[in-house]
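The values are calculated or read from the model by the stated rules, or taken from the named source; none is laboratory data. None of the values given here were measured: they were computed from a predicted structure. For neighbour counting, all protein chains shown are included, and Cβ atoms are generated from backbone atoms with ideal geometry for every residue, glycine included.
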Amino acid sequence: MWGCRRCWQDRPCRDVIFHQNIGLVFFRFTKTYEGPICKSCLHALFWQTTLITLAIGWLGVISLIVTPFFVLNNVWQYTKNIAMPNSY
């Protein structure tokens, strides 16, 4: 394993997928963070993507539909992988 894709440290990692949505009236912007992530980056990415999505992910017609699924996915990924060890 190459280590964490976010901090590049050689730590125990798990494959995760976090989605972030920023909704505007007529547009929406999404980001997807995917790959092996260590536990400390798991915390940071979860809070970053989920809080932004909760705060401004709802603004727009399509975003109103998509945002709950993104938030549920982020919570599922976080709770599924939170038990990973911190280091070797």
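For segment 34-46, taking the residues that are surrounded by fewer than 17 Cβ atoms within 10 Å (Cβ to Cβ) and in a helix (DSSP H, G or I), the one that is modelled with the lowest pLDDT is identified as Ser40.
Rundown of residues vs (1) closer than 23 Å to Gly3 by Cα; (2) touching a Phe, Trp or Tyr at 6+ places or on another chain (Cβ under 6 Å); (3) among the basic types (Lys, Arg), yes/no style:
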{"position": "Asn21", "(1), (2), (3)": "no, yes, no"}
{"position": "Thr30", "(1), (2), (3)": "no, no, no"}
{"position": "Pro36", "(1), (2), (3)": "yes, no, no"}
{"position": "Lys39", "(1), (2), (3)": "yes, no, yes"}
{"position": "Leu45", "(1), (2), (3)": "yes, yes, no"}
{"position": "Trp58", "(1), (2), (3)": "no, no, no"}
{"position": "Phe70", "(1), (2), (3)": "no, no, no"}
{"position": "Asn86", "(1), (2), (3)": "yes, no, no"}
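Restricted to segment 53-68, and to residues there that are of a type outside the set (A, V, I, L, M) and touching a residue at least 12 places away in the same chain (Cβ under 8 Å), the residue that is surrounded by the fewest Cβ atoms within 10 Å (Cβ to Cβ) is Trp58.
Among the residues of segment 5-42, write down those that are without any contact (Cβ under 8 Å) to a residue 24 or more places away in the chain and within 17 Å of Ile82 (Cβ to Cβ). Once the filter is applied, which keeps residues that are without any contact (Cβ under 8 Å) to a residue 24 or more places away in the chain and within 17 Å of Ile82 (Cβ to Cβ), segment 5-42 yields only Asp15.
Scanning segment 69-88 for residues that are part of a helix (DSSP H, G or I), hydrophobic (A, V, I, L, M, F, W, C) and either loosely packed, with under 15 Cβ neighbours inside 10 Å or over 12 Å from the mean Cα position of the chain (by Cα) (or both) gives Phe69, Leu72, Val75, Trp76.
Residue-by-condition table, conditions (1) surrounded by fewer than 20 Cβ atoms within 10 Å (Cβ to Cβ); (2) among the acidic types (Asp, Glu); (3) over 9 Å from the mean Cα position of the chain (by Cα):
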{"site": "Asp10", "(1), (2), (3)": "yes, yes, yes"}
{"site": "Phe18", "(1), (2), (3)": "no, no, no"}
{"site": "Arg28", "(1), (2), (3)": "yes, no, yes"}
{"site": "Thr32", "(1), (2), (3)": "yes, no, no"}
{"site": "Gln48", "(1), (2), (3)": "yes, no, no"}
{"site": "Leu51", "(1), (2), (3)": "yes, no, yes"}
